[in-house]
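Presented below is the structure to which this report refers.
The values are calculated or read from the model by the stated rules, or taken from the named source; none is laboratory data. As the structure is a computational prediction, the values presented were derived from the model and not from experiment. Reconstructed Cβ throughout: ideal geometry from the backbone, glycine too, with neighbour counts over all protein chains shown.
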There are 4 protein chains.
Amino acid sequence: MVSTDTLLDFFIETRKHTEAICKPLEIEDYVVQPIIDVSPPKWHLGHTTWFFEEFILNTYSSNYQVFDDDFSFVFNSYYETVGKRVVRADRGNLSRPSVKKVFEYRDYVTQAMTNLLEYNNDKTLLEVLEIGIHHEKQHQELLLTDIKYILGNNPLLPKYSDVFKEYTTENQPLHWISINEGIYEIGHNSNDFCFDNELGRHKVYLHDYSISNRLVTNAEYLEFIKADGYKRFDLWHAQGWDWVQQNNVVSPLYWHQVDDEWYNYTLNGLTEIALDAPVTHISYYEAFAYAKYRNCRLPTEFEWESAQHQFKWGQRWEWTESAYLPYPNYKKPDGALGEYNGKFMVNQKVLRGSSVATPVNHSRPTYRNFFQTDLRWQYTGIRLAK
Amino acid sequence: MVSTDTLLDFFIETRKHTEAICKPLEIEDYVVQPIIDVSPPKWHLGHTTWFFEEFILNTYSSNYQVFDDDFSFVFNSYYETVGKRVVRADRGNLSRPSVKKVFEYRDYVTQAMTNLLEYNNDKTLLEVLEIGIHHEKQHQELLLTDIKYILGNNPLLPKYSDVFKEYTTENQPLHWISINEGIYEIGHNSNDFCFDNELGRHKVYLHDYSISNRLVTNAEYLEFIKADGYKRFDLWHAQGWDWVQQNNVVSPLYWHQVDDEWYNYTLNGLTEIALDAPVTHISYYEAFAYAKYRNCRLPTEFEWESAQHQFKWGQRWEWTESAYLPYPNYKKPDGALGEYNGKFMVNQKVLRGSSVATPVNHSRPTYRNFFQTDLRWQYTGIRLAK
Amino acid sequence: MVSTDTLLDFFIETRKHTEAICKPLEIEDYVVQPIIDVSPPKWHLGHTTWFFEEFILNTYSSNYQVFDDDFSFVFNSYYETVGKRVVRADRGNLSRPSVKKVFEYRDYVTQAMTNLLEYNNDKTLLEVLEIGIHHEKQHQELLLTDIKYILGNNPLLPKYSDVFKEYTTENQPLHWISINEGIYEIGHNSNDFCFDNELGRHKVYLHDYSISNRLVTNAEYLEFIKADGYKRFDLWHAQGWDWVQQNNVVSPLYWHQVDDEWYNYTLNGLTEIALDAPVTHISYYEAFAYAKYRNCRLPTEFEWESAQHQFKWGQRWEWTESAYLPYPNYKKPDGALGEYNGKFMVNQKVLRGSSVATPVNHSRPTYRNFFQTDLRWQYTGIRLAK
Amino acid sequence: MVSTDTLLDFFIETRKHTEAICKPLEIEDYVVQPIIDVSPPKWHLGHTTWFFEEFILNTYSSNYQVFDDDFSFVFNSYYETVGKRVVRADRGNLSRPSVKKVFEYRDYVTQAMTNLLEYNNDKTLLEVLEIGIHHEKQHQELLLTDIKYILGNNPLLPKYSDVFKEYTTENQPLHWISINEGIYEIGHNSNDFCFDNELGRHKVYLHDYSISNRLVTNAEYLEFIKADGYKRFDLWHAQGWDWVQQNNVVSPLYWHQVDDEWYNYTLNGLTEIALDAPVTHISYYEAFAYAKYRNCRLPTEFEWESAQHQFKWGQRWEWTESAYLPYPNYKKPDGALGEYNGKFMVNQKVLRGSSVATPVNHSRPTYRNFFQTDLRWQYTGIRLAK
């Protein structure tokens, strides 16, 4: 457990960073929700603030005055324990509270938290604070990917920034890392922060396997496209094939074909595909089909965790073959925070690693991210195994 | 046909009035589209501007430079003749162009129009100009009703204005105006402006009928609610009954029951129901069921037009029993403007009169408004006939 | 009013004819419901029987024993007054009661009716009986059109009969019948049976018009197809155009293009298009677009009724431009039979005439049929006006 | 590998048994498809037959005449390799081929197979034959569960049989079987038949766990219902909670509450709930919520397989916590039969054991059944672990 002072610094820094991410936006960009999975930036700003108000200030600060009684209804995401809330699909229908008001809300809560932490260092409070900080860091990542979706689906294709770097080159040749059969230990194993879903360190038995030293590149993925990968049903799950047909999928998200050349929208605007960059914005279905096309498969999350110290990672969330399930002895926390992870453990796939949108200090080898198999707006990538 | 100078004044005044309507808005209010029928205010601002650019400047001004090539895609409403466009359901997903940019677009086009009209008074141009002005006036009304929907469906229920007056009291006692059987003339009959759907003046034969001198009030409508009007299937069309069941309709739109008292959202905020105000925000289905509850019926548009000089109207668009159909000898205009009215003449009902949201100089006894039978976000009211 | 004996003969003959229509069917054909508008034949058999049981035997026969208590639930169509019922979309999910049982039900009710009519000739009873007979005749037509849909959408395309004749040739040259402006009387005007929606005889004022002496043929409709009629948005209502796009409509229902030749499914099986037959199985949208392509329009139902004695009709239900609305002074009957027609008078179009599937003694110049604008499984045709 | 003679006997016996299952049906019962997951019995009869025609006769019998060219279109289930097919949702819309014709098809193919097997005992043929037999046995189970759904959702609630026994009593007291931590071997391990998804025998590491000696009973499940288990969101997955809300689920499938007493539909008709019978027809979501209510969890499929020799099983398919995934070294078979299992390995849960509807010789400890988490029409049950 870190000290109160360190946590306070961490808190302040995190709050500022969230706001820094929004700097390049126009006010209008804060408001829209083009698909249900993408939340308006101002909702992220408010929701991360509400988290501190609801789970810390309302509990630990006796004289705290709620900023606005309606905000719990507006900014609760999915905590049934806490009460009613705006249905998710309606987040983009709310013009109020205004962006200005949401920033006032942030300042108000940040200040109240700072005041509280000066005299209160209750252990449970600090634990929730640490969760709240990491919760806001998770939303920093979502902020960026949601902003990309909002701008990248606008017909004017406005850019977010000239300097944001979406990738570094995967220029090393592909080779296979071999791992021997045996018992491996899985799960978080230190006093540092982690989420509940990483706990319950336990043993798994792995058989011999090989895992690639690097991610699949755009050049390699283009070969799959050119080999009619999107038209060969034998490469796909039945569900994946239906998804391809119903959505007429022919490429990763954000790709546009102009006069036989492939371009993609990035946070720097529309650019030619970088051949040596790792392919991204692909669904689990696509990752699976690509692996099959190469006569390979995706690694399980256990294989990934057991081998990750032997390869470089951090550019892209990596799809694994593992379903998102509780570890043996997983224990759901009490109260509302018990809803944080456990209730999503069905019909999703685990992603491992982190991405260019992940904030610093927010990735570790045991981190378990998870998404539905058809989603693509995150920076998702492919690492092969066999 | 009015003179160029008068039209220019009319044009300038109309452009300014549109912008005045938006004055009380926050930037965020310009962006959202909570239901498909309601467009974002900035879309109205841009679309009415695009109309002049597309149908006048691009045709009659040889040296005109289009403001932005992408705007035709963004701001075309439904003119298939003109080309591709953003699908209607996506209007609220566009954060760009920004509100500031849209106002620049307005200024640019207003200025270019002013310049053009100084030297060009081509008769066809002036005809299209007059249509364009009335088109913008129609959108002024939609702007207000759409703003009401945007604010009135926000959980914070922000008010639009303290001074906007949504009704004047219907305090006169109800009496019936009797009209004798015979031949009546219907349709526009002067040199003043009208839309194509009012033309084709023709005769209709009406039988004896009576029509109410005033609209149905909230007090009267509450009697219908209290008499279980929403639960008596025998009062409703089969379609209307399905609509009530599927949407759990129990009152007009914007009504909220709090501790057994009825309130409604108005542009002045949430207020108690005004008992002597005309009931509004009701669907055709509700208007029909209410009339049946009173053993009356709705008037046809011909009955309404033939009697309208004998009663006061203008507070509310009045549902009629008439389907929206072309008059005998209706002639669809050539080109894109032929899409203005004709192609909507199926499965809609005619509304007559005008509402508190209708701009001055934009109502007349022959005006034919039309909506789908289930829509309620307009200021719609009920006048009985028998 | 006809005599009891005549009505009894009429009743017996009608009951037998319904069963004769089903003769060529396999038991399996009685069960399925490929689209919500098409009911399983055994449902028609049961429903027409239930009508007599519910509205006559249960009321007028003191010692009548209901055949099966559950059948009211199974065979009620839409009478809210009578109680709960199987939702329409589920009719094809019911394998029981078996076809055999339904025929027993028919025999049982036919016999009970015969017994009752021997001693009871109450005037109201006879009125309901007459409605019940005509109700069953309406279902005879639906039986045939539903059977055609059931067989015609089966990939094996089984034929219904070798002898059923779907059309007679329209080989006379097209000419226009001119009708003079003036007042015309509309509505039923004799002591013979009619439905409530034909009553309220009244005057209408018609302007000069011309109406075609015959229906549009397949040869003529093929010209429309070849002239890209399905691709020219300017010919269609906005709703119609959406319908064409969403359903990829390129021809009338039941048409199949094989090696550049057009075939259509008929009750005699798959055959080449008969060029001189009237085109059929088209929606209102298609009828409207075709008329526009010919610079004509569809007649109103009043124009049709006022001119019908001057042309041959009876091959096809003819789409009119008229919305289905109550006549002036229309009076909804009391009780459950008030639900027969009135509650459907919104968002539908009137069809006039009759078709090859209409039983004898079941058509007259004032008959008002009605359908939604997108439906095509009836024998619908086009007569032009201008 | 068993001998040709034994396989032929097995084949003949299987074919007969399928037909025996259908004996109590009316012809109408063979036709309907009340929900997409439930296929019409005649489709099962035809599809299992087509399997032999397509994968054996067309390949190995040089002089075989296909029974009907259209049947491949009608009776292919999901084999993209083989060609086009009736969309699944339309199976219940097909009245033809008739039941009689389908039985002729069965006889024709059974005879042709018998003839072929007299002289051809090619090893690959026999392998496919064995798969075909087991394929038909799988459909025997589906036949029964689909018949139950067809009859049990009919408002007349007809019974299937007086003698079919849906359960034996779970009257032993509950106790926990403890299993020690360690390495366990999983997967098929003999020369007997198994499906491809059971192969790839491999090691897993299991931690200490306990598993219940018997299934959860109706009496126990009623306690969950009475304790508001369907109203406590904290017991459910987020997806499960949405499913409960949207479908108003308050009990297992087939349960009806009449005057405060619970009844359920069984193949013997509507009967009171048997308190000591294992609860069945529950979704994975319900199984999970029930386990949580008892502070337990569901076993993984590995835990189940490793402990199954210590408890009685076979009454109900038992939901496990395991996602349906390929075993390490899973190898998809070549050709169309590669579509048998592999392409469904995403977003489904594994069920272990077997049910009262499972044919004899068709269950084994390594058998992996799988369903979507919201399906309930199978005989599914709950065994607790902790």
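Just a yes or no: is a residue in the stretch C:109-122 out of contact with any helix residue (DSSP H, G or I) (no Cβ under 8 Å at 6 or more places or on another chain), within 24 Å of residue C:64 (Cα to Cα) and acidic (Asp, Glu)?
Yes, some residue in the stretch C:109-122 is out of contact with any helix residue (DSSP H, G or I) (no Cβ under 8 Å at 6 or more places or on another chain), within 24 Å of residue C:64 (Cα to Cα) and acidic (Asp, Glu).
Please state which one of C:367, C:324 is at pLDDT 95 or above and within 11 Å of chain B (Cβ to nearest Cβ).
Every option except C:324 fails the conditions.
Inside the stretch D:272-386, counting only strands (runs of 3 or more DSSP E) that do not spill past its ends, which hold 3 or more residues that are over 19 Å from residue A:330 (Cβ atoms), of a type outside the set (S, T, N, Q) and touching a strand residue (DSSP E or B) at 6+ places or on another chain (Cβ under 8 Å)?
D:349-353
What do you reckon, is residue A:227 surrounded by 17 or more Cβ atoms within 10 Å (Cβ to Cβ) and of a type in the set (Gly, Ala, Ser)?
no
Take the residues of the stretch C:244-254 that are within 25 Å of the chain's Cα centre (by Cα) and surrounded by fewer than 18 Cβ atoms within 10 Å (Cβ to Cβ): which is nearest to residue C:280 (Cα to Cα)?
Looking at residues that are within 25 Å of the chain's Cα centre (by Cα) and surrounded by fewer than 18 Cβ atoms within 10 Å (Cβ to Cβ), I get C:250.
From the list B:210, B:190, pick out the single residue that is over 30 Å from residue B:45 (Cβ atoms) and either surrounded by 18 or more Cβ atoms within 10 Å (Cβ to Cβ) or in contact with a strand residue (DSSP E or B) (Cβ under 7 Å, 6 or more places away or on another chain) (or both).
Within the list B:210, B:190, the selection yields B:210.
Can you tell me which residue within the stretch D:75-92, out of those that are more than 18 Å from residue D:335 (Cα to Cα) and of a type in the set (Val, Ile, Thr), is surrounded by the fewest Cβ atoms within 10 Å (Cβ to Cβ)?
Among them, the one singled out is D:87.
Specify the residue that is farthest from residue D:78 (Cα to Cα); the eligible residues are those in the stretch A:220-258 that are modelled with pLDDT of 95 or more and among the β-branched types (Val, Ile, Thr).
Filtering first and then ranking leaves A:225.
State which residue is farthest from residue B:45 (Cα to Cα) when the search covers only the stretch B:117-175 and only residues that are among the aliphatic types (A, V, I, L, M) and in a loop (DSSP other than H, G, I, E, B).
Among those residues, the one meeting the criterion is B:174.
Quick check on my filter: what residues within the stretch B:88-116 are farther than 14 Å from residue A:150 by Cβ and among the hydroxyl-bearing types (Ser, Thr, Tyr)?
Listed by number, the residues that qualify are B:105, B:108, B:110, B:114.
Counting only residues that are small (Gly, Ala, Ser) and out of contact with any Lys or Arg (no Cβ under 8 Å at 6 or more places or on another chain), which one in the stretch A:251-288 is farthest from residue A:152 (Cα to Cα)?
Result: A:287.
Pairs under 7 Å by beta carbon, first residue farther than 23 Å from residue A:153 by Cα and more than 13 Å from chain B (Cβ to nearest Cβ) in the stretch A:15-34, partner assigned to a helix (DSSP H, G or I) and polar (S, T, N, Q), six or more apart or different chains?
Here the result reads A:15/A:110; A:17/A:140, each pair linking the stretch A:15-34 to a residue that is assigned to a helix (DSSP H, G or I) and polar (S, T, N, Q).
Pairs needed: first member in the stretch B:62-82, over 16 Å from residue B:95 (Cα atoms) and within 14 Å of chain C (Cβ to nearest Cβ); second member anywhere, charged (D, E, K, R) and surrounded by fewer than 17 Cβ atoms within 10 Å (Cβ to Cβ); C-beta distance under 9 Å; at least 6 residues apart or different chains.
Between residues of the stretch B:62-82 that are over 16 Å from residue B:95 (Cα atoms) and within 14 Å of chain C (Cβ to nearest Cβ) and residues that are charged (D, E, K, R) and surrounded by fewer than 17 Cβ atoms within 10 Å (Cβ to Cβ), the close pairs are B:76/B:84; B:77/B:88; B:78/B:88.
Here's the yes/no breakdown for (1) away from chain A (no Cβ under 14 Å); (2) free of Cβ contacts under 8 Å to residues at least 12 places away in the same chain; (3) surrounded by fewer than 16 Cβ atoms within 10 Å (Cβ to Cβ):
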residue	(1), (2), (3)
D:136	yes, no, no
D:143	yes, no, no
D:177	yes, no, yes
D:200	no, no, no
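Among what's in the stretch C:343-361 and is in contact with a Ser or Thr (Cβ under 7 Å, 6 or more places away or on another chain) and not small (Gly, Ala, Ser), pick the residue that is nearest to residue C:213 (Cα to Cα).
Ranking the qualifying residues of the stretch C:343-361, first place goes to C:352.
Do we find that residue D:349 is within 14 Å of chain A (Cβ to nearest Cβ) and under 13 Å from the mean Cα position of the chain (by Cα) in this structure?
yes
When you scan the stretch B:207-261, how many residues do you find that are part of a helix (DSSP H, G or I) and more than 27 Å from residue B:176 (Cβ to Cβ)?
11
When the residues of the stretch A:83-105 are narrowed to those that are in contact with a helix residue (DSSP H, G or I) (Cβ under 8 Å, 6 or more places away or on another chain), closer than 30 Å to residue D:231 by Cβ and not in a loop (DSSP other than H, G, I, E, B), which ends up farthest from the other protein chains (Cβ to nearest Cβ)?
Checking each candidate, the answer is A:91.
Of the residues D:72, D:95, which is of a type in the set (Ser, Thr, Tyr), surrounded by 21 or more Cβ atoms within 10 Å (Cβ to Cβ) and within 20 Å of residue C:152 (Cα to Cα)?
Of the residues listed, the single one that is of a type in the set (Ser, Thr, Tyr), surrounded by 21 or more Cβ atoms within 10 Å (Cβ to Cβ) and within 20 Å of residue C:152 (Cα to Cα) is D:95.
Here's a check for you: in the stretch A:179-196, which residue that is part of a loop (DSSP other than H, G, I, E, B) and away from every other protein chain (no Cβ under 14 Å) is nearest to residue A:33 (Cα to Cα)?
A:195
Looking at (1) within 12 Å of chain C (Cβ to nearest Cβ); (2) out of contact with any Lys or Arg (no Cβ under 8 Å at 6 or more places or on another chain); (3) not polar (S, T, N, Q), find the lone condition where residue B:309 falls short.
Evaluating residue B:309 over (1) within 12 Å of chain C (Cβ to nearest Cβ); (2) out of contact with any Lys or Arg (no Cβ under 8 Å at 6 or more places or on another chain); (3) not polar (S, T, N, Q) leaves (1) as the failure.
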